[in-house]
Amino acid sequence: MQLSFICGLVYVGVACDFFMMLAHASEALDSKYEPVRIFADTAVQEADTRGFVFIGKLRVSTLEWRIDGDGGLLEGGADDVHFVKVQGAPARIQYFGDEKTVVHGVADVVNYSPARKLVKLLGAAKLSKGTQSVQSDEIEYFLNSGTWSAGNTSRVKMIKEVK
């Protein structure tokens, strides 16, 4: 059995209100994760899981990060996100973190684990931070250390802009 709701052109009214209520409830429960805001055209949840599938224009964001794409899934609830997977043409992530320099990622698929602070970009991946960027078929970026690994079946291209 599936519980589903479709949000039309009313800018995701029902889904947005539902997730915002969960997010505000989490603040009172002292969740270890910050509240998540989710905007999508369609959201579907399996009755026995705490996961959601999103179809159509999708934005998942917190104060620390934002992911945009054409659809994806979220494991956990809006008050306790375990994993986000977004696909797109392309999918994009921005991570604001504690530093002044924003990390930008672009790929066919963006996987993000808030608990592990790990971003995995798959397919035509590009990651940039400040004046440095890397391109490959697959990039893993470790947000805690600011380090990355790249390459699976393709070459790696690194660029450092000189100002």
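The numbers here are math on the coordinates, done by the rules we state, and not lab data. Just so we're clear, the structure is a prediction, and the values are computed from it rather than from any experiment. We place every Cβ from the backbone using ideal geometry, glycine too, and count neighbours over all the protein chains shown.
Between the range 99-120 and the range 135-153, what is the C-alpha centre distance in whole Å? Value for the Cα centre distance between the two parts: 10 Å. For H104 and L73, the FRET efficiency from 1/(1 + (r/R0)^6), where r spans their Cβ atoms and R0 equals 22 Å, is about 0.50. Site pair F83 and R66 shows an inter-label distance of 2.6 nm when each label is modelled 7 Å from Cα along Cα→Cβ.
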